[in-house]
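Colleague: This is the structure I want to talk about, given as structure tokens.
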Amino acid sequence: MNRQVAICNDAIQQYIPDNHTLQHFSLHATTVPCGMVATPFKAFDPQSDRYADYVLLKKKAFSCNYRDKSILLDRLERLEELGLKSQPKFYALGSEFSAEIISTGKNVKTLSEGDRVIGNGNYPSEHPDARPGLPSNNGSKEFEVLHYSKVIKIPDTMPWDVAACFTIGAQTSYSMIRKLQIQPGDKVLVTSATSNTSLFAINALKKFNVEVYAVTTRDTFENRLLDMGVRDVFVVKPETPLIEHPKIIQNIKSSQRPFSAVIDPFFDIYFEKVVDVMGMGARYTTCGLYHQHLKMKKDYDNNLSTALAKVLLMNITIFGNCLGSTQDLQNALDDYQNGVLQVTMDETFSGDEVEAFFDRTFNSKARFGKVSFTYNQYV
Ligand SMILES: NC(=O)c1ccc[n+]([C@@H]2O[C@H](COP(=O)([O-])OP(=O)(O)OC[C@H]3O[C@@H](n4cnc5c(N)ncnc54)[C@H](OP(=O)(O)O)[C@@H]3O)[C@@H](O)[C@H]2O)c1
């Protein structure tokens, strides 16, 4: 049977394995039924032409990201629209995973049975037959067949739960830092500092001779961020202009518009505010937005034309960024292996802790780092 951590409807009971229960958690005022679901798995024939470039994986652990919130809310609406509440319906979540290779198609030369791998979200696609970006939106499926180019080997020293939290943050932050062409002495401002993307970026910036500054809405994590090497932390209310923050006013007194590079995971919250504090010729990169679903409302917005006028007056360069290349991910894996890159982990769940896993991942204000769910102790 193929286990998966899924959102579902209340009629799913027959697919829930022994020792597991149907549970519920709340997301953006919506009650979400969820649980471990087990379904039959179709055979993988390694000799067939169809699977020649594919590998069969057995997952050890998986994790979710901000993007999974909107996928989840969309799918939940679809499950509800699918009609008859008496018919069992479910959708497996998860956008990152760690896995062991169980079998390889006949053309696969670079991977073998027993290899330890994670997803490779290379974007744009680097192989004509493989999908661009993340290999799966159903990363919790315990068995899954994927194109060989969409997985990458991991160091022996990397635990399964850490590996299941690596792909997106590492590949994205290494790509953003590459595009910014970080120079010694740069003053790098990282917004939404406690987001997983920014925690990866802050960890990745440690190897450069730069000053890192953090913007966060959470004062509880000021010391944790300082311990990670951040020079100063600006605790903000997202609706307030950054330029009015007392510590930033202090910084501007000593040097005009202090920041030479900005890493911003939520452009619809921070773009307009950071251009006020970026120096002449500074570089800005973003990989995402807050408002990814109608239910994820925010009460404030950017004035884009005012912000773009400042961009041109200050000769600011903007880099859009989606995920990264295989080389970005390999560089991050090498840095992890050499002790240069740390992964900030929060908590690992397993067994029947599905509701607790989703709640910690999507709702907890106490979360600092990645949350994983592991199958490992049950195999
Ligand atoms: N395109 C890509 O390749 C790619 C890859 C990775 C991530 N992303 C994008 O990057 C963004 C972050 O993703 P993630 O998974 O790192 O997110 P995450 O870990 O879920 O980030 C949560 C953080 O967002 C901030 N936040 C939460 N609610 C807020 C509110 N109401 N107002 C202001 N700030 C709030 C908080 O940071 P503070 O309290 O510290 O401010 C919180 O710690 C998303 O837009 C995601 O889609 C895109």
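Colleague: Looking at ASN338 and the list (1) in contact with a strand residue (DSSP E or B) (Cβ under 7 Å, 6 or more places away or on another chain); (2) free of Cβ contacts under 8 Å to residues at least 12 places away in the same chain, which single condition is not satisfied?
Modeller: (1)
Colleague: I want to confirm something. Restricting to region 131-155 and keeping residues that are part of a loop (DSSP other than H, G, I, E, B), in contact with a strand residue (DSSP E or B) (Cβ under 7 Å, 6 or more places away or on another chain) and touching a residue at least 40 places away in the same chain (Cβ under 8 Å), which single residue is surrounded by the fewest Cβ atoms within 10 Å (Cβ to Cβ)?
Modeller: Result: ASN138.
Colleague: Taking the options ASP359, ASP335, name whichever one is within 16 Å of the ligand (Cβ to nearest atom) and either among the hydrophobic types (A, V, I, L, M, F, W, C) or out of contact with any His (no Cβ under 9 Å at 6 or more places or on another chain) (or both).
Modeller: Going through ASP359, ASP335 in turn, the sole match is ASP359.
Colleague: What residue, of TYR91, TYR51, is assigned to a strand (DSSP E or B), touching a strand residue (DSSP E or B) at 6+ places or on another chain (Cβ under 8 Å) and more than 16 Å from the ligand (Cβ to nearest atom)?
Modeller: Matching residue, one of TYR91, TYR51: TYR91.
Colleague: Quick check on ARG218: is it closer than 26 Å to PHE319 by Cβ and of a type in the set (Lys, Arg)?
Modeller: no
Table: residues versus (1) part of a loop (DSSP other than H, G, I, E, B); (2) in contact with a Phe, Trp or Tyr (Cβ under 6 Å, 6 or more places away or on another chain); (3) surrounded by 14 or more Cβ atoms within 10 Å (Cβ to Cβ).
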residue: LEU312; (1), (2), (3): no, no, no
residue: LEU333; (1), (2), (3): no, no, yes
residue: VAL343; (1), (2), (3): yes, no, yes
residue: GLU347; (1), (2), (3): no, no, yes
residue: GLU355; (1), (2), (3): no, yes, yes
residue: PHE358; (1), (2), (3): no, yes, yes
residue: THR361; (1), (2), (3): no, no, yes
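Colleague: Across region 21-45, which residue is farthest from TYR375 (Cα to Cα) among those that are part of a loop (DSSP other than H, G, I, E, B) and in contact with a helix residue (DSSP H, G or I) (Cβ under 8 Å, 6 or more places away or on another chain)?
Modeller: Residue satisfying both the conditions and the ranking: HIS28.
Colleague: Shifting gears a bit: Output the residues belonging to region 333-370 that are within 21 Å of SER173 (Cα to Cα) and aromatic (Phe, Trp, Tyr).
Modeller: Passing the criteria: TYR336, PHE362, PHE368.
Colleague: For a quick check of your reading of the model, give me the residue pairs whose first member lies in region 310-325 and is within 28 Å of ILE168 (Cα to Cα), whose second is within 16 Å of the ligand (Cβ to nearest atom) and among the basic types (Lys, Arg), with beta-carbon atoms closer than 7 Å and at least 6 apart or on different chains.
Modeller: PHE319/LYS179; ASN321/LYS179
Colleague: Of all the helices (runs of 4 or more DSSP H) wholly in region 162-246, which have at least 1 residues that are away from the ligand (no atom under 12 Å from the Cβ) and under 17 Å from PRO265 (Cα atoms)?
Modeller: 167-180, 196-205
Colleague: Does region 66-87 contain at least one residue that is assigned by TED's automatic domain parsing to the domain that holds ILE16, modelled with pLDDT of 95 or more, under 23 Å from the mean Cα position of the chain (by Cα) and not in a helix (DSSP H, G or I)?
Modeller: no
Colleague: Let me ask something else. Which of the residues belonging to region 6-20 are closer than 28 Å to MET296 by Cβ and in a loop (DSSP other than H, G, I, E, B)?
Modeller: Across region 6-20, the qualifying residues are ASN9, ASP10, ALA11, ILE12.
Colleague: Let me ask you something else. Looking only at region 363-379, filter to residues that are part of a loop (DSSP other than H, G, I, E, B) and surrounded by 16 or more Cβ atoms within 10 Å (Cβ to Cβ); which one of those is modelled with the lowest pLDDT?
Modeller: That would be TYR375.
Colleague: Name the residues in region 112-129 that are small (Gly, Ala, Ser) and surrounded by fewer than 17 Cβ atoms within 10 Å (Cβ to Cβ), would you?
Modeller: SER112, GLY114, SER125
The values are calculated or read from the model by the stated rules, or taken from the named source; none is laboratory data. What you are looking at is a predicted structure, and each value in this text was computed from that prediction instead of being measured. Methodologically, a virtual Cβ is constructed for each residue, glycine included, from the backbone with ideal geometry; neighbour enumeration extends over all protein chains shown.
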